[in-house]
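Reading through the structure tokens given below for one structure.
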Amino acid sequence: MADDLDPSEFEETARAAMAACAGTADPAARGRLLAEAGLLGVIAPEAVGGLDLPIRFALPVVKAAGAGLLGYPLIEALLLARHLAPVDPALAGAIVEGRTLASIAWTGCAEDRSVNGLPMGERADPVLVFLRDGGAGLLSRGQGCHALASTGLDIDLPDSTLVLSGAKPRMVLDAAAVAALRADAALLRAGFIEGAAAQCLALAADYAQERVQFGKPLSANQVLRHRLSRDALAVETIRAGLARALAEPAEGAAIAREAVWLCAAQTGPAIAESAIQVFGGMGFTWDVPLHRHLRQMQAQATRGTAIEGIDALAEALLADTENEWYGDLAYAG
Amino acid sequence: MNLYKSTTLKTPPPAGAHAARARTWIAENLTDRLRTDRAHDTPATLDELIAFERALHAAGFAGITWPREYEGHGLGPREHLEINREIGRAPMPNAVNSIGKELAGPIILAVGTEAQKAELLPAILTMQHIWCQGFSEPGAGSDLVALRTRAERVADGWRLNGQKIWTSGASKSQRCLLLARTGRAEDRHRGLVLFAVPMDAPGVDVREIRSIDGQWSFCEVFFNDVIVQDSHMLGAPDEGWNAAARVLSIERATNRMYRSWRFQSELEHLVAACRSDRRALGVLRPYMRQLAQIRVEIEMLKGLVETLVERLMTGSEIGPNGSFPKLYWSEAHQRFARIACEIVAQFPAVTEGPLADVRARMQDIYLASRAETIYAGTTEIQLDIIAKRILNLKRAA
């Protein structure tokens, strides 16, 4: 099936679905709209109602979500529909159909009695939580757990803390399955951020050409032209890095994926910050949506534990080299 | 005394057939004398570097995409990239004839006559002709079309008068890719003409300029009533330059395609050398988060380069998109060089072995990298190109 399709064919459908979602305040209704557009099952197996397409087909969907400030745990829905399908096809099918709003608590583990980074946690049921052994389990409401209100930045997709008081997660994914889910998550998050960052750049570039000061548009000033050019470079860098990671280069698919995720987590919010600066006082207002993009991208960086990712990469870099020219330098540490 | 601990080679990552062949050849032919990750009391001579570069071509690893009839190897951009990854991974010296192979050659292929191609292209690859680039002038740097060097029609060809500057490698070159004008400086883009000027022609005067790294590769070149023939002109006036500008946009994107992998190998060398000494390892540790960030940037640079290769493969225009990898690489490499220089400055006092070698290399890279945001279009010019030609930002209401 994938051979007959191009991921770009999903772009228009995804944009239209995001626009429709923006018109309704009810997250459950947004889920149904996304399901009706066939977007929640893009990468889920056919057995659960999905299209069983490779992950690259989900990229236009998450990019549109990032650009459209989607208030629905789309990344979590895509991941759960794909990765739970072998162990809980009924639940995966309900997610694909938009009947169940499920989510993932991205930070912490169940044994610590509380987990965090749970997008739309106050509505989600069930919730996937990670376990200390590297696996993951499902928790349902009323199983000795309750969600606390968001303390994070994201207002469109607020994060919750889930407090576990005697709850026992139902083990569904082993460590290898969780690693595969996290690998997909890195790509989807980077795609979401690319969409959001590109939207911030487009808004800033338009505003810079409309806003006249000192008798000329802001875009006539080299300092602003260069700022926007740097932001364009940053967006293009994420785009190209994602294309490369999706192509799974033989010299290192894992590092290509991790790098684009870490790059997106850092540069995405910086592009929103830059756009706010271009807008001046208007950029600091609640009504201009740049702060919502900034909040969403910062939340993605937190959910994806980008800081820990950089430290893990540093450890890997220090531990070994794959370049045979330096194999004669023994480790003295 | 050999201060390197062992000679165990690690298992390299999988590679295609061209890469595997390149890897084997480089391992067998890159001698200690030529390695850039070793400090040398007496650096490799020009003759040694030329011989290595000639052998590199003979083995199939230069002129990769050039047609076979001109001594090229007739392969595509993907094979070029595959081989360049291996060139980048190894501590190989920079090409003496990069202007010939990466600038003059592609322009000759685009606009040269059949006779010019047959004469000039094989001579580049066999290192008979080393080329320099005569574009910048004292009054025409970033604003290249302000150049004033005149090409005047005379009975037996053209008379050239003017001055070029920042002409890397002119004192060891046999040919100069010269950009001159047939009319007045006010004509700007009109009347520009390209020549392949023999550097031994009467009236060509080369003076070396010492650069901040202590080297003497920079030059200024004076053309005083230099007579060249029509056969030295590359394309007609205007036509040659317009075609060359298109080639330049591709070259900006693809030249030194190995740079991401060379950059990575420099980082790996720094870390590996520090790992080999407890004192240096202590210096290195606080910098690891910054170096991990650099490692991310190297991967992203590979994405920018490979995107352009794919565009070339599908016949798409490169155009202003070549500015992205140039801008990204030059600034990321400078950031790395600054961190690396700070690290090696804290090393214990050693005069030989891995720490001395990596210190010398990182100091060289630090100084040389200052030019990277200046040459081939400054950072500011790249940002202007993106603003104007990609974002289409207007300048007036």
Exercise. Can you confirm whether region B:374-382 contains a residue that is more than 20 Å from B:Trp261 (Cα to Cα), in contact with a His (Cβ under 8 Å, 6 or more places away or on another chain) and not assigned by TED's automatic domain parsing to the domain that holds B:Arg38?
Key: yes
Condition check: over 21 Å from A:Leu59 (Cα atoms) and more than 14 Å from every other protein chain (Cβ to nearest Cβ). Does A:Gly117 satisfy that? yes
Among strands (runs of 3 or more DSSP E) completely within region A:134-185, the ones holding 1 or more residues that are modelled with pLDDT of 90 or more and closer than 29 Å to A:Arg257 by Cβ are A:136-139, A:159-164, A:170-173
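Yes or no, residue by residue, for (1) buried (at least 19 other Cβ atoms within 10 Å of the Cβ); (2) charged (D, E, K, R); (3) farther than 23 Å from A:Ile238 by Cβ:
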| residue | (1), (2), (3) |
| --- | --- |
| A:Gly142 | no, no, yes |
| A:Cys145 | yes, no, yes |
| A:Ser150 | yes, no, yes |
| A:Asp154 | yes, yes, no |
| A:Leu157 | yes, no, no |
| A:Leu164 | yes, no, yes |
| A:Arg170 | no, yes, yes |
| A:Ala186 | yes, no, no |
If we take region A:244-333, then helices (runs of 4 or more DSSP H) inside it with 3 or more residues that are within 13 Å of chain B (Cβ to nearest Cβ) and within 24 Å of B:Glu310 (Cβ to Cβ) are A:253-279
### Query
Condition test on B:Ile298, is it closer than 21 Å to A:Gly241 by Cα, facing chain A (nearest Cβ under 9 Å) and in contact with a Pro (Cβ under 8 Å, 6 or more places away or on another chain)?
no
Note on region B:314-356: residues within 13 Å of another protein chain (Cβ to nearest Cβ), among the small types (Gly, Ala, Ser) and free of Cβ contacts under 8 Å to residues at least 60 places away in the same chain are B:Ser330
Pairs returned, first residue in region B:376-397 that is under 15 Å from A:Ser219 (Cβ atoms) and facing another protein chain (nearest Cβ under 8 Å), second residue that is assigned to a loop (DSSP other than H, G, I, E, B) and among the hydrophobic types (A, V, I, L, M, F, W, C), beta-carbon separation under 9 angstrom, 6 or more apart or interchain, are B:Ala387/B:Leu393
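Quick test for you: out of A:Pro119, A:Pro73, pick the one residue that is under 20 Å from A:Leu164 (Cα atoms) and crowded, with 21+ Cβ neighbours inside 10 Å. Don't jump to the end; show me each part of the working.
Values: A:Pro73 fails: under 20 Å from A:Leu164 (Cα atoms).
One residue alone meets the criteria, A:Pro119.
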Filter region B:47-72 for residues that are of a type in the set (Val, Ile, Thr) and surrounded by fewer than 20 Cβ atoms within 10 Å (Cβ to Cβ); the one that is nearest to the other protein chains (Cβ to nearest Cβ) is B:Thr65
Condition check: of a type in the set (Phe, Trp, Tyr), out of contact with any Ser or Thr (no Cβ under 9 Å at 6 or more places or on another chain) and outside the structural domain of A:Ser8 (by TED's automatic domain parsing). Does A:Phe279 satisfy that?
no
Turns out the helices (runs of 4 or more DSSP H) fully within region A:29-123 with at least 1 residues that are more than 30 Å from A:Gly144 (Cβ to Cβ) are A:59-67
Matching residues in region B:97-119 (assigned to a loop (DSSP other than H, G, I, E, B), over 19 Å from the mean Cα position of the chain (by Cα) and buried (at least 18 other Cβ atoms within 10 Å of the Cβ)) number 1
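For every residue, the table says whether it meets (1) surrounded by fewer than 17 Cβ atoms within 10 Å (Cβ to Cβ); (2) away from every other protein chain (no Cβ under 14 Å); (3) under 16 Å from B:Leu234 (Cα atoms); (4) under 19 Å from the mean Cα position of the chain (by Cα).
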residue	(1), (2), (3), (4)
B:Gly74	yes, yes, no, no
B:Asn84	no, no, no, yes
B:Met92	no, no, no, yes
B:Ala95	no, yes, no, yes
B:Leu121	no, yes, yes, yes
B:Leu125	no, yes, no, yes
B:Gly169	no, yes, no, yes
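State which residue is surrounded by the most Cβ atoms within 10 Å (Cβ to Cβ) when the search covers only region A:97-115 and only residues that are among the aliphatic types (A, V, I, L, M) and within 18 Å of the chain's Cα centre (by Cα).
The residue in question is A:Ala105.
Condition check ((1) without any contact (Cβ under 8 Å) to a residue 40 or more places away in the chain; (2) farther than 20 Å from B:Glu297 by Cβ; (3) in contact with a helix residue (DSSP H, G or I) (Cβ under 6 Å, 6 or more places away or on another chain); (4) not assigned by TED's automatic domain parsing to the domain that holds A:Asp133) across all residues:
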position	(1), (2), (3), (4)
A:Arg189	no, no, yes, yes
A:Phe192	no, yes, yes, yes
A:Ala208	no, yes, yes, yes
A:His226	yes, no, yes, yes
A:Ala240	yes, no, yes, yes
Is one or more of the residues making up region A:8-26 assigned to a loop (DSSP other than H, G, I, E, B) and touching a residue at least 40 places away in the same chain (Cβ under 8 Å)? no
Discussion item. Would you confirm whether or not region A:246-255 contains a residue that is surrounded by fewer than 18 Cβ atoms within 10 Å (Cβ to Cβ), at positive phi and at pLDDT below 95?
Written reply: yes
Q. Mind checking whether some residue in region B:145-162 is of a type in the set (Gly, Ala, Ser) and assigned to a loop (DSSP other than H, G, I, E, B)?
A. yes
Pairing a residue in region A:244-260 that is under 9 Å from B:Glu299 (Cβ atoms) with any residue that is surrounded by fewer than 24 Cβ atoms within 10 Å (Cβ to Cβ) and of a type in the set (S, T, N, Q), where Cβ atoms lie under 8 Å and the two sit 6 or more apart in sequence or on different chains, gives A:Arg244/B:Thr307
Selection from region B:168-192 of residues over 29 Å from B:Pro122 (Cα atoms) and touching a residue at least 12 places away in the same chain (Cβ under 8 Å) yields B:Thr182, B:Ala185, B:Arg188, B:His189, B:Arg190, B:Gly191
Of the candidates A:Gln199, A:Gln209, A:Gln213, the one satisfying the condition of being polar (S, T, N, Q) and away from every other protein chain (no Cβ under 14 Å) is A:Gln199
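Among the listed residues A:Ser219, A:Ser229, identify the single one that is at the interface with another protein chain (Cβ under 8 Å from one of its Cβ atoms), within 22 Å of B:Trp329 (Cβ to Cβ) and among the polar types (S, T, N, Q).
A:Ser229
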Restricting attention to region B:268-275, does a residue exist that is more than 10 Å from every other protein chain (Cβ to nearest Cβ) and not acidic (Asp, Glu)?
no
Scanning region B:127-146 residue by residue, those touching a residue at least 40 places away in the same chain (Cβ under 8 Å) and crowded, with 18+ Cβ neighbours inside 10 Å turn out to be B:Met127, B:His129, B:Ile130, B:Trp131, B:Cys132, B:Gln133, B:Gly134, B:Phe135
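Taking A:Gly66, is it under 21 Å from A:Asp125 (Cβ atoms) and buried (at least 20 other Cβ atoms within 10 Å of the Cβ)?
Considered against the rule, which asks whether it is under 21 Å from A:Asp125 (Cβ atoms) and buried (at least 20 other Cβ atoms within 10 Å of the Cβ), A:Gly66 comes out as no.
The values are calculated or read from the model by the stated rules, or taken from the named source; none is laboratory data. All values derive from a computational prediction rather than experimental measurement. Cβ atoms come from the backbone with ideal geometry, glycine included; neighbour counts cover every protein chain shown.
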